[in-house]
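What follows is one structure encoded as structure tokens, with my remarks underneath.
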Amino acid sequence: MATTPAEQAGTASAARTVKRVAVLPGDGIGPEVIAETVQLLEHVGARWGVRFEFSYGRIGGGAIDEDGEPLPAWVVDLCRGSDAVLLGAVGGPRWDRNPPHLRPEAGLLGLRKALGVYANLRPITVFPALLSSSPLREEVVAGADFLILRELTGGLYFGQPRGRVQEAEGTAVIDTLHYTEREVERILRLGFELARSRRGHLTSVDKANVLESSRLWREVAERLAPEYPDVTLQHLLVDNAAMQIVRNPRQFDVVVTENMFGDILSDEAAVITGSIGLLPSASLGESGPGLYEPVHGSAPDIAGTGRANPLAAFLTAAMMLRHSLGLPEAADAVEQAVAAVLADGLRTADIAREGEAALSCREMGDEVRRRIQGRDDV
């Protein structure tokens with residue numbers, strides 16, 4: 001894999017035996033899966049001679065309840081002073097009627113902006129042991145392994161002006177899709193670098209037949225392409241890309257796209273793996289700590305029941321070990337342990353077949369920890 005900005009910082013700090021991790025458990029099942037992940041990291045630290053310093057903060061609904069806002073300033077300071085940030089999930093129905101600035105999601109968007117993590121890496125990997133869990137036919141998804149690279153701090157989610165105005169025909173709404181050429185170039189350049197380190201194929205997704213922002217996106221991609229003669233560049237309109245992901249996901253290597261398109265496509269791609277409870281993500285910037293969060297969301301309907309799947313959080317921790325903390329061997333070990341428990345037929349409720357035994361969140365955590373390089377001292 002290409003050396004990302006956060007990975008460079010992680011390599012530089014690899015010699016330090018102390019790794020500072022800001023932990024934001026968040027809402028719903030976040031505290032459950034993050035508690036298991038902290039235990040996993042402590043186990044990793046004992047194995048690789050690293051001491052983790054975990055500092056806890058609040059974000060999302062819990063922060064609204066305790067601090068009166070979804071992202072307190074002290075939490076931003078805590079995160080900026082850390083080597084990496086591990087986040088559980090935000091959101092839940094109890095805050096759905098809050099005004100926009102007091103919704104849990106505002107805290108997540110604010111943290112991404114505050115940390116400058118412009119690149120979201122979401123690997124889409126289909127585990128052989130879970131082929132039958134995918135809603136697609138096994139022969140369609142077998143061997144699918146691609147990376148969605150989403151621009152994370154621009155576009156419709158952050159553009160100004162935005163809001164509501166009253167017009168003659170009633171309420172009108174305004175959302176602004178804003179990108180600068182620099183923002184577009186840095187995410188596309190990272191896409192080329194990542195494709196170069198994988199199988200050499202970059203798919204750039206846009207809507208250039210309609211949107212001016214996408215026309216700029218395509219122009220910049222074409223300008224950069226000659227710098228990467230070993231990478232094949234392909235353009236897809238976003239509607240076609242959505243269709244191709246379910247028709248033939250194996251055709252993709254690295255997919256790079258803007259914020260909203262990436263949000264939608266990555267969730268679509270998550271489903272084909274068999275469970276969104278298995279997918280990690282990393283959000284990286286040009287400097288400072290990376291932000292790491294599992295994809296599954298807060299799942300408030302199962303919070304506190306012990307049914308949460310911690311594997312996405314474990315794989316997220318592996319990305320953190322690799323990209324921000326300079327511990328690639330430990331990252332490999334975590335990923336191999338997750339693959340091993342699945343190959344051994346162990347399942348949580350979300351991936352268990354009817355009549356199949358399901359492990360609790362804690363039990364699955366114990367099983368993964370037990371398999372890290374064959375160690376049983378969990």
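The values are calculated or read from the model by the stated rules, or taken from the named source; none is laboratory data. Here the structure is a predicted model, which means the values were calculated and not measured. So basically every Cβ, Gly included, is an ideal-geometry build from the backbone, and we count neighbours across all protein chains shown.
Annotations
- Considering the conditions (1) touching a residue at least 12 places away in the same chain (Cβ under 8 Å); (2) of a type outside the set (A, V, I, L, M, F, W, C); (3) in the same structural domain as residue 317 (by TED's automatic domain parsing), residue 100 is excluded by exactly one of them, (1).
- Taken together, 277, 290 contain a single residue that is crowded, with 21+ Cβ neighbours inside 10 Å, touching a residue at least 12 places away in the same chain (Cβ under 8 Å), of a type outside the set (D, E, K, R) and more than 25 Å from residue 139 (Cβ to Cβ), which is 290.
- Only a single item in (1) at pLDDT below 95; (2) out of contact with any Pro (no Cβ under 9 Å at 6 or more places or on another chain) is not met by residue 286, and it is number (2).
- Only listed residue being surrounded by fewer than 16 Cβ atoms within 10 Å (Cβ to Cβ), touching a helix residue (DSSP H, G or I) at 6+ places or on another chain (Cβ under 7 Å) and touching a residue at least 12 places away in the same chain (Cβ under 8 Å), chosen from 246, 205: 246
- Any hit, region 46-57, residues being more than 25 Å from residue 191 (Cβ to Cβ), surrounded by fewer than 23 Cβ atoms within 10 Å (Cβ to Cβ), out of contact with any helix residue (DSSP H, G or I) (no Cβ under 9 Å at 6 or more places or on another chain) and of a type outside the set (Asp, Glu): yes
- Complete set of residues in region 125-141 that are within 17 Å of the chain's Cα centre (by Cα) and either modelled with pLDDT of 95 or more or assigned to a loop (DSSP other than H, G, I, E, B) (or both): 126
- Residue in region 250-261 that is more than 14 Å from residue 149 (Cα to Cα) and assigned by TED's automatic domain parsing to the domain that holds residue 152 present: yes
- Taken as a whole, the structure places residue 109 among residues that are under 18 Å from residue 261 (Cβ atoms), part of a helix (DSSP H, G or I) and either modelled with pLDDT of 95 or more or under 15 Å from the mean Cα position of the chain (by Cα) (or both).
Yes/no matrix, rows are residues, columns are (1) in contact (Cβ under 8 Å) with a residue 12 or more places away in the chain; (2) not in a helix (DSSP H, G or I):
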| site | (1), (2) |
| --- | --- |
| 63 | yes, no |
| 143 | yes, yes |
| 146 | yes, yes |
| 164 | no, yes |
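Rundown of residues vs (1) among the hydrophobic types (A, V, I, L, M, F, W, C); (2) in contact with a His (Cβ under 7 Å, 6 or more places away or on another chain); (3) outside the structural domain of residue 107 (by TED's automatic domain parsing); (4) more than 29 Å from residue 188 (Cα to Cα), yes/no style:
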{"residue": "285", "(1), (2), (3), (4)": "no, no, no, no"}
{"residue": "292", "(1), (2), (3), (4)": "no, no, no, no"}
{"residue": "300", "(1), (2), (3), (4)": "no, no, no, yes"}
{"residue": "309", "(1), (2), (3), (4)": "no, no, no, yes"}
{"residue": "340", "(1), (2), (3), (4)": "yes, no, no, yes"}
{"residue": "363", "(1), (2), (3), (4)": "no, no, no, yes"}
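- Here 53, 69, 105 are screened, and the one residue that is closer than 19 Å to residue 17 by Cα, of a type in the set (D, E, K, R) and without any contact (Cβ under 8 Å) to a residue 60 or more places away in the chain is 53.
- Any hit, region 129-143, residues being closer than 24 Å to residue 106 by Cβ and not assigned by TED's automatic domain parsing to the domain that holds residue 316: no
- Matching residues in region 65-100 - criterion: being under 24 Å from residue 325 (Cβ atoms), of a type in the set (A, V, I, L, M, F, W, C) and exposed (fewer than 14 other Cβ atoms within 10 Å of the Cβ): 74
- Conditions (1) under 27 Å from residue 190 (Cα atoms); (2) modelled with pLDDT of 95 or more; number of the one not met by residue 305: (1)
One line per residue, one yes/no per condition, for (1) out of contact with any strand residue (DSSP E or B) (no Cβ under 7 Å at 6 or more places or on another chain); (2) under 16 Å from residue 314 (Cα atoms); (3) modelled with pLDDT of 95 or more:
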{"position": "4", "(1), (2), (3)": "no, no, no"}
{"position": "7", "(1), (2), (3)": "yes, no, no"}
{"position": "20", "(1), (2), (3)": "no, no, yes"}
{"position": "23", "(1), (2), (3)": "no, yes, yes"}
{"position": "30", "(1), (2), (3)": "no, yes, yes"}
{"position": "38", "(1), (2), (3)": "no, yes, yes"}
{"position": "44", "(1), (2), (3)": "yes, yes, yes"}
{"position": "52", "(1), (2), (3)": "no, yes, yes"}
{"position": "56", "(1), (2), (3)": "no, no, yes"}
